[in-house]
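For reference, the structure is listed below as structure tokens.
The values are calculated or read from the model by the stated rules, or taken from the named source; none is laboratory data. Source: prediction; values computed, not measured. Note that each Cβ is placed from the backbone with ideal geometry, even for glycine, and that neighbours are counted across all protein chains shown.
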Number of protein chains: 4
Amino acid sequence: MTPNIAPKGSRSELRNRARMLVSCPDQPGIVAAVSRFLFEHEANIVQSDQYTIDPEGGMFYIRLEFDLDNLDARRDQLKTEFAKVADRFSMEWTINRAGRKKRLAIFVSKEDHALLELLWQWQAGDLEAEIAMVISNHNDLRGLVESFGIPYHHIPVTADTKAEAERSQLELVVDKVDAVVLARYMQIISPKFIEHFANRIINIHHSFLPAFVGGKPYAQAYNRGVKIIGATAHYVTEELDGGPIIEQDVQRVSHRDNVDDLKRIGRHIERIVLARAVSWHVEDRVIVHGNKTVVFN
Amino acid sequence: MTPNIAPKGSRSELRNRARMLVSCPDQPGIVAAVSRFLFEHEANIVQSDQYTIDPEGGMFYIRLEFDLDNLDARRDQLKTEFAKVADRFSMEWTINRAGRKKRLAIFVSKEDHALLELLWQWQAGDLEAEIAMVISNHNDLRGLVESFGIPYHHIPVTADTKAEAERSQLELVVDKVDAVVLARYMQIISPKFIEHFANRIINIHHSFLPAFVGGKPYAQAYNRGVKIIGATAHYVTEELDGGPIIEQDVQRVSHRDNVDDLKRIGRHIERIVLARAVSWHVEDRVIVHGNKTVVFN
Amino acid sequence: MTPNIAPKGSRSELRNRARMLVSCPDQPGIVAAVSRFLFEHEANIVQSDQYTIDPEGGMFYIRLEFDLDNLDARRDQLKTEFAKVADRFSMEWTINRAGRKKRLAIFVSKEDHALLELLWQWQAGDLEAEIAMVISNHNDLRGLVESFGIPYHHIPVTADTKAEAERSQLELVVDKVDAVVLARYMQIISPKFIEHFANRIINIHHSFLPAFVGGKPYAQAYNRGVKIIGATAHYVTEELDGGPIIEQDVQRVSHRDNVDDLKRIGRHIERIVLARAVSWHVEDRVIVHGNKTVVFN
Amino acid sequence: MTPNIAPKGSRSELRNRARMLVSCPDQPGIVAAVSRFLFEHEANIVQSDQYTIDPEGGMFYIRLEFDLDNLDARRDQLKTEFAKVADRFSMEWTINRAGRKKRLAIFVSKEDHALLELLWQWQAGDLEAEIAMVISNHNDLRGLVESFGIPYHHIPVTADTKAEAERSQLELVVDKVDAVVLARYMQIISPKFIEHFANRIINIHHSFLPAFVGGKPYAQAYNRGVKIIGATAHYVTEELDGGPIIEQDVQRVSHRDNVDDLKRIGRHIERIVLARAVSWHVEDRVIVHGNKTVVFN
């Protein structure tokens, strides 16, 4: 049994809803300062989740949702003024409008299951994002993607053309999308690419990390004789399969399941785990600290 | 964590694979008689699951998979000869070829999630069935269904036309499909229709039965304040939401989830549970006894 | 997979930690007012969870943990002064010291599993409570309970002596314990008793409510052929098995499990679910609203 | 949600019940030969689970439960005669009486949770074994163990006395118990000891293997930021934490859980997973093949 995928709160009236994420060294008075600031600017806090690591000398994290009449017009001023509060506490922070959907580029190779789940959830209105484009090193899924009215870019990748292919990819996505989703994209992303999207590239790895890093994790799992398999969604860093974990889930298997069975079962886990992680990311529910995540859900 | 959906065993070489389901009053010697029969007919048992309720005077159930060279040509004779064994033990039994996919008619109204999951699993080769047609009382999902190359029949149903609509439905399905799947079909099926497909109509109910029988189960669940919601796939009988349960699954919810959230979360449970139940049915894994099921998985 | 039972936060240094629970009609400025109050009184908020039903005209709930030097000496004054803030917002509220363990009376009949789990978790330091006494209508578990150094009161209950027995029970518990836990106590609690401990009596019911209300739920579950069984911890109200649900959990069963198997499997669910609910109650994580609970965990 | 711990089938009348485990290279006719043998010897098969890896040229595994009048007197002859069938198919096989409980030695250090769960399930009649003794390198748990009427042997282990300690242990257990359970025993078992109990030493490792092999797995899990933790019961081999996995289970955690929380949550997983694995072992449900297990449950 697993946490649900559902974005919380009614979705009809998000025009004046904002989401604030804050992290800073802990000290007394942070909640008071933030909530007083919002109150004095006539914002109404509708949801608030807060977490402190080790009260004495640790880190403080908070996620707030608030409503503010006429948000669109007032947001810039609000941010300018909040910067003063933030400075005082050495905060890293963002304020995003809930009504402005994040733009995603989905990278995919030949397997369609993780992509399909995202497309369905998007079409059903469950994924609060705009899928700006799909980029693939193969042409196989063009028909599927275009049937959803989404642009499909085929950028082949070979050992020789890798650098050039990446330049083409970057041209398509830099300043054009908010995040990149690797929905079973079977190519290594270069450090340079990662730099452009630090903590904004989400990958699905088809094992319960850190078990079975690298290639053929289902074969590895079969050979080890595990009784449960899993999938892991994580932000991509330079260390292969080593970035901050956003979400994991698992399913029971048995001696009756061969490698093909594990793959088939695993596909269902992968698509659910990736969809959850992407939802949480686009709803500003994830803060990265070091190599870990705080997920407010 | 839940049992997997995966059909067991390799699927590439099913041409000579048969599946035998047997139920009868328990008595000594049944396994010996069946397995000796198969051995003497040169069949090789590759899987066998057996279950006895109350050894003394109870019921005996077995599911066998066996390989037999040239199965297609020899199946009729095999069945003729097995009938003698079956008579001796008062068996109810079936022998189906694994290579012959069951034909399904899917009934649907306006919601697409349960249907989509079946179509996707079918397309991915995970659902060992032939989807012969989709029948709907609305026209909304025609484009989707036809994009999979599957015939779509729009048969509107009103209070006045119910009987006539059912005649049209029966004409399409009787002797043409092996089973009917109600993938969120929001009409009551008549006793007459059920009679044609006894224990061959699978419905998905959007609650953890027997909790929240009838309409608006998510609203009922919300009002009761449950911490877990579920879905139930069952064979349809004359008693509303009262037929033999094939599969159930659940997901944790919290006070934060409103009725819309429960519906959204529930959709994910419904589609998984229905797909599992349909898979088990078409793979001859389910025996109905009284108002319950034996599921060999 | 289920939420964990663990009390959050370090437990070593709780002397100056307080827990505040607040519910009131929602309006702008509540978080600001509360957090400002705490800041001005030199309290440091270390954890905060908040939840609003329907921002416009709904209800507001918050749970805060804060540290305050010299809490013991300053708590009364803090409460006196907070009352003014509370009045302004029509709040219902409590401020409890984390360091002051709640006192529990556990009621039990003959089955020991739910009791044992509580005793073990208490002994292991996982249950932040003081088990003040065990009261039973039988004498069977005296040895066990007394081996933990806990007083055991045997108060037999028959149809004739029910009223008198209850008087004896009330004499033992009123003003002596903070909450009553029914750990498989097989007697109905009277409305009068309930009145003394409104939303402070926790019962474990051995089914996934609202399925299988009343007696012999495992037999009911067996007869219905469910594929999953559960247990439910809830506050006791006058309606049998109808009070606000605190926690539920479930486990998969199959056709192979007879009623005795369900009971055995169910015992494991019951003890876990009850222990979780009691933990959350004693850690001030539960707010009752209407017939439902908000659980901050 | 997890498979249940419960031994299947009624437990009252096991006097004439036997359990047969068979593994051999697959070939046609094995089920027929075994079931015919049992039928001709007047045994009634009440349960049968069979599994074949790769029908062509693979391995065949079967577990049978059968009833035979006067089992005790006839068992030796039955085994002598079955040996002929077994030879023909190169079988490895056992036939055990269900009524003869296996004798266990439990090894433990200072932590009591895994031990306690076994003692409690044993006392409740859920663990079909005889706990012959507890052996510990510390004296801490003597009182607890002896309160259950079970002999407690304190055998201290230091770097200097390790070999001698092991001699004392072996003297206590060889030919005296059927299996050894390491219920959080914090010493490495020597190859020589393992040799005496090949595939009969069950250890609980406090991580989801193969993640976090070795020491301090909860600290490792915390540092990696996993969202799910687990425990693994496995047979002990010479490779540390590398033996055949019998059972695993997991629980969701979050960023709020520190290392102490993980330990506390993990204790609950460990005790459940170990109890399940031990139950399955003593009920002859586990066959080891290579470095993996077939578990018939």
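Could you pull out the residue among B:Asp87, B:Asp49 that is in contact with a strand residue (DSSP E or B) (Cβ under 8 Å, 6 or more places away or on another chain) and of a type outside the set (A, V, I, L, M)? Walk me through it before giving the result.
Working: B:Asp87 fails: in contact with a strand residue (DSSP E or B) (Cβ under 8 Å, 6 or more places away or on another chain).
The unique qualifying residue is B:Asp49.
Could you pull out the residue among C:Leu262, C:Leu209, C:Leu274 that is surrounded by 20 or more Cβ atoms within 10 Å (Cβ to Cβ) and under 21 Å from C:Val134 (Cα atoms)?
It is C:Leu274.
Looking at A:Val145, A:Val134, A:Val173 in this structure, which one is more than 22 Å from A:Gly242 (Cα to Cα), within 14 Å of another protein chain (Cβ to nearest Cβ), in contact with a strand residue (DSSP E or B) (Cβ under 6 Å, 6 or more places away or on another chain) and surrounded by 14 or more Cβ atoms within 10 Å (Cβ to Cβ)? Testing whether each residue is more than 22 Å from A:Gly242 (Cα to Cα), within 14 Å of another protein chain (Cβ to nearest Cβ), in contact with a strand residue (DSSP E or B) (Cβ under 6 Å, 6 or more places away or on another chain) and surrounded by 14 or more Cβ atoms within 10 Å (Cβ to Cβ) leaves just A:Val145.
Out of the residues in region A:98-121 that are under 27 Å from A:Asn137 (Cβ atoms) and assigned to a loop (DSSP other than H, G, I, E, B), which is farthest from the chain's Cα centre (by Cα)?
Filtering region A:98-121 for residues that are under 27 Å from A:Asn137 (Cβ atoms) and assigned to a loop (DSSP other than H, G, I, E, B), the one farthest from the chain's Cα centre (by Cα) comes out as A:Lys110.
Give the residues of region D:53-97 that are in a loop (DSSP other than H, G, I, E, B) and out of contact with any helix residue (DSSP H, G or I) (no Cβ under 9 Å at 6 or more places or on another chain), sorted by residue number. Result: D:Asp54, D:Pro55, D:Glu56, D:Gly57, D:Gly58, D:Asp69, D:Asn70, D:Ser90.
Restricting the search to region B:185-224, which residues are closer than 26 Å to C:His289 by Cβ, touching a helix residue (DSSP H, G or I) at 6+ places or on another chain (Cβ under 7 Å) and more than 11 Å from chain C (Cβ to nearest Cβ)? Matches in region B:185-224: B:His206, B:Tyr218, B:Ala219. Screening D:Thr80 with (1) closer than 17 Å to D:Arg19 by Cβ; (2) modelled with pLDDT of 95 or more gives one miss only, at (1).
Looking across region D:231-241, just one residue is modelled with pLDDT under 95 and either in contact with a Leu (Cβ under 8 Å, 6 or more places away or on another chain) or within 13 Å of chain C (Cβ to nearest Cβ) (or both), and that is D:Asp241. Filtering C:Thr94, C:Thr80 for residues that are among the β-branched types (Val, Ile, Thr) and closer than 27 Å to A:Phe60 by Cβ leaves a single hit, C:Thr94. Might you check whether a residue that is more than 23 Å from B:Asp241 (Cα to Cα), part of a loop (DSSP other than H, G, I, E, B), of a type in the set (Gly, Ala, Ser) and more than 8 Å from every other protein chain (Cβ to nearest Cβ) occurs anywhere in region C:242-261? The answer is yes, given that some residue of region C:242-261 is more than 23 Å from B:Asp241 (Cα to Cα), part of a loop (DSSP other than H, G, I, E, B), of a type in the set (Gly, Ala, Ser) and more than 8 Å from every other protein chain (Cβ to nearest Cβ). The set of residues in region B:80-117 being farther than 20 Å from B:Ile201 by Cα and without any contact (Cβ under 8 Å) to a residue 12 or more places away in the chain consists of B:Thr80, B:Ala83, B:Lys84, B:Asp87. Among residues of region C:276-296 being within 9 Å of another protein chain (Cβ to nearest Cβ) and out of contact with any strand residue (DSSP E or B) (no Cβ under 7 Å at 6 or more places or on another chain), the one that is farthest from B:Asn223 (Cα to Cα) is C:Gly290.
Kindly check whether there is at least one residue in region D:94-114 that is under 17 Å from D:Val31 (Cα atoms) and modelled with pLDDT of 95 or more.
Pass one, region D:94-114, residues under 17 Å from D:Val31 (Cα atoms): D:94-95.
Checking which are modelled with pLDDT of 95 or more leaves us with D:94-95.
Checking region D:94-114: at least one residue is under 17 Å from D:Val31 (Cα atoms) and modelled with pLDDT of 95 or more.
Scan region C:25-60 for residues that are within 21 Å of A:Glu42 (Cβ to Cβ), more than 7 Å from chain A (Cβ to nearest Cβ) and crowded, with 24+ Cβ neighbours inside 10 Å and the total you get is 2. Is one or more of the residues making up region D:110-120 surrounded by fewer than 17 Cβ atoms within 10 Å (Cβ to Cβ), of a type outside the set (Val, Ile, Thr) and not assigned by TED's automatic domain parsing to the domain that holds D:Ile45? Scanning region D:110-120 turns up at least one residue that is surrounded by fewer than 17 Cβ atoms within 10 Å (Cβ to Cβ), of a type outside the set (Val, Ile, Thr) and not assigned by TED's automatic domain parsing to the domain that holds D:Ile45.
In this structure, does B:Arg63 turn out to be within 13 Å of chain D (Cβ to nearest Cβ), at pLDDT 95 or above, closer than 29 Å to D:Tyr51 by Cβ and touching a Leu at 6+ places or on another chain (Cβ under 9 Å)?
Numbers: within 13 Å of chain D (Cβ to nearest Cβ): yes; at pLDDT 95 or above: yes; closer than 29 Å to D:Tyr51 by Cβ: yes; touching a Leu at 6+ places or on another chain (Cβ under 9 Å): yes.
In short, yes.
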